[in-house]
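Just below is one structure, and these are the notes that go with it.
Any read-out appearing in this document is the output of simple, stated calculations on the displayed coordinates, not a laboratory observation. Keep in mind that what you see is a predicted model, and the values were worked out from it rather than measured. Glycine gets a Cβ as well: all are built from the backbone with ideal geometry, and neighbour counts include every protein chain shown.
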């Protein structure tokens, strides 16, 4: 994992709502519909979409079109790479 990606991930995870989104989506065994995510948070649709976009751009989420809607799941491979990077910092 290169430093540019680590920086992007760190910035994306620097917001408490995005951390909560990651936690919520990660708890699901499968994909989570965008409409369900919006219902779970006391935020406007546009705000949730903004946070999801930031997480997608950092490759922390994977999205898939489902008709007119999108569904999301956590990108475990990227999370693992980020975790490994942080572990290396530990020594």
| request: Work out how far the C-alpha atoms of the chain reach from end to end along every principal axis, then list the three figures in whole Å, largest first. | output: 44, 22, 21
| request: Could you work out which residue, out of 36, 62, 79, moves most in a Gaussian network model of the chain, that is, has the largest mean-square fluctuation with Cα springs under 10 Å? | output: 36
| task | At 7 Å along the Cα-to-beta-carbon direction for both residue 86 and residue 53, put a label point, then send me their distance in nm to one decimal. | result | 2.6 nm
| field | Nearest 10 degrees, 0 to 90: helix 3-12 Cα axis against the chain principal axis | value | 40 degrees
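If we count other beta carbons within 10 Å of each Cβ, what is the order of 18, 68, fewest first? Can you show the working numbers first?
Values: 18 20, 68 5.
Result, fewest neighbours first: 68, 18.
Roughly speaking, what % of Cα-Cα pairs in the range 1-41 are separated by over 14 Å, rounded to a whole number? Please list the in-between numbers first.
Working: 454 of 820 pairs.
That tail contains 55 percent of the Cα-Cα pairs.
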| query | Going by how many other Cβ atoms sit within 10 Å of their own, how do 82, 72, 17 line up, fewest first? | reply | 17, 82, 72
| query | Nearest 10 degrees, 0 to 90: what angle lies between the long axis of helix 16-26 and the longest principal axis of the chain (Cα atoms)? | reply | 80 degrees
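How large is the helix-only mean residue ellipticity at 222 nm for the chain, computed as the sum of -39500 (n - 2.57) over DSSP H runs with n ≥ 4, divided by its residue count, in deg cm²/dmol to the nearest 500? Please report the intermediate quantities before stating the final value.
Details: 5 runs with 56 residues, N = 91.
That calculation yields -18500 deg cm²/dmol at 222 nm.
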| query | Could you put 56, 89, 61 in order, starting from the residue whose Cβ has the fewest other Cβ atoms within 10 Å? | reply | 89, 56, 61
